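Scroll down for the structure; my scribbles are underneath it.
The values are calculated or read from the model by the stated rules, or taken from the named source; none is laboratory data. Quantities reported herein were computed from a predicted structural model and do not represent experimental measurements. Quick reminder, even Gly has a Cβ in these numbers, built from the backbone with ideal geometry, and neighbours come from all protein chains shown. Please note that ligands, DNA and RNA were not included when accessible areas were found on the heavy atoms of the full protein model with its side chains. Shrake-Rupley method; radii C 1.70, N 1.55, O 1.52, S 1.80 Å.
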Amino acid sequence: MKTKLYPLTFEPILKEKIWGGQKLNNRFNKGKDAHAKVGESWEIADLEEGQSIVKEGALKGKELTEIIAENPEALLGKKVAERFGKKFPLLIKFIDAAKDLSIQVHPSDATSPTGVGKTEMWYIMQADEGAKITVGFKPDMSREVFEKHIENNTVEDAMDMHEVNHGDSFFINAGRIHAIGGGVLLAEIQQTSDVTYRVYDYNRKDDNGELRELHIEESKDVLDYKDTKDFNLEYPRASNEVQTLKHHKYFKTDWLHLKDKSHTLDRGDSFTIIMVVSGTLNYKVDQHQRSLSAGQTLLIPAACDKIELEAKDCELLEVYL
């Protein structure tokens, strides 16, 4: 007999990184070692490198992949299951960059060795004063010009950098060079892929004293050199109204600031992910009240009955297909 699906929370999969910090622990109680350099918390993942495990309820201890395999349409939704089969199509993370991440690029579906590319988006949850991100090249870039920058060790001079603040949001299409700067805490929504080509890493050494591996040749074949400005996602920041951040073929993400208000979710044709980026969110399951704090994530299967969300003052991201 199949277990009735309900809104699922998962154990976070914590990834220590050379550039990671302590914000995920200090702000969201993720991890037990206060000194660990935790760079990423994989909130929902269906990869060999990380598989989400249900945290509570009748399905506690089960892997996400097991639940999907049992009834893909019930969890994913009919149209999503027809497109992606028994694979969860998104990887959901919180990222804490205490130091600059490498300047990098991700392949598209067409150029990825796995057949799955990595288009992603970011929502800035907190940024230290003056913190920046890199998205794209400065104008008049070409493959030949960039190869000169690589040869001359002047890659940073070619980058288009942007100072960021809480609430800023960015779309990073596959092929667009990018980097998260030190001092940035963000939520990331992306395709289910962990393929990354490191272009430049500030001549940084790992814990063994070795320079970290670069992927120069691979990156040259996937980089998009066009000067496009569609990455900055502008949206009205009005409370109690669902605002579109980015609707794309790989994911749809909305922003909602609930202030002394409720909001009903009843999608049916797709799963819904709720990422709480500030405040506390309350929701009801079978008449039982539950809550999520900032830095927590909820997966609502497509087959769930409508869910009522309410909050006094909470910002959330709503992700679906």
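If you check Ala81, Ala58, Ala74, which single one turns out to be surrounded by 15 or more Cβ atoms within 10 Å (Cβ to Cβ), in contact (Cβ under 8 Å) with a residue 24 or more places away in the chain and farther than 29 Å from Val184 by Cα? Spell out the reasoning first.
Numbers: Ala81 fails: in contact (Cβ under 8 Å) with a residue 24 or more places away in the chain; Ala58 fails: surrounded by 15 or more Cβ atoms within 10 Å (Cβ to Cβ).
It is Ala74.
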Counting only residues in the stretch 132-150 that are without any contact (Cβ under 8 Å) to a residue 60 or more places away in the chain and assigned to a strand (DSSP E or B), the one surrounded by the fewest Cβ atoms within 10 Å (Cβ to Cβ) is identified as Lys132
Flagged in the stretch 293-317 as crowded, with 22+ Cβ neighbours inside 10 Å, closer than 19 Å to Lys261 by Cβ and touching a residue at least 60 places away in the same chain (Cβ under 8 Å), in numbering order, are Leu298, Ile300, Glu315, Leu316, Leu317
Among (1) more than 27 Å from the chain's Cα centre (by Cα); (2) open to solvent by 10 Å² or more (accessible area, probe 1.4 Å), His166 falls short only on (1)
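So that you can scan it fast, the table gives a plain yes or no per residue for (1) over 17 Å from the mean Cα position of the chain (by Cα); (2) polar (S, T, N, Q); (3) buried (at least 22 other Cβ atoms within 10 Å of the Cβ):
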{"residue": "Gln104", "(1), (2), (3)": "no, yes, no"}
{"residue": "Ala110", "(1), (2), (3)": "yes, no, no"}
{"residue": "Thr114", "(1), (2), (3)": "yes, yes, no"}
{"residue": "Gly130", "(1), (2), (3)": "yes, no, no"}
Those residues of the stretch 154-163 that are touching a residue at least 40 places away in the same chain (Cβ under 8 Å) and either loosely packed, with under 14 Cβ neighbours inside 10 Å or more than 14 Å from Lys132 (Cβ to Cβ) (or both) come to a total of 1
Going through (1) at pLDDT below 95; (2) open to solvent by less than 20 Å² (accessible area, probe 1.4 Å); (3) in contact with a Phe, Trp or Tyr (Cβ under 9 Å, 6 or more places away or on another chain) one by one, Ser193 fails only at (3)
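Select from the stretch 24-55 the residues that are basic (Lys, Arg) and either assigned to a helix (DSSP H, G or I) or in contact (Cβ under 8 Å) with a residue 24 or more places away in the chain (or both) and list them in ascending order. Explain how you work it out, then say what you get.
Keep residues of the stretch 24-55 that are basic (Lys, Arg), which gives 27, 30, 32, 37, 55.
Hits for the stretch 24-55 are Arg27, Lys30, Lys37, Lys55.
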Consider Val242 carefully, then state whether it is buried (at least 18 other Cβ atoms within 10 Å of the Cβ), over 16 Å from the mean Cα position of the chain (by Cα), hydrophobic (A, V, I, L, M, F, W, C) and over 30 Å from Ala36 (Cβ atoms). no
The correct count of residues that are open to solvent by 20 Å² or more (accessible area, probe 1.4 Å), closer than 26 Å to Glu73 by Cβ, of a type in the set (S, T, N, Q) and out of contact with any Asp or Glu (no Cβ under 6 Å at 6 or more places or on another chain) in the stretch 254-286 is 0
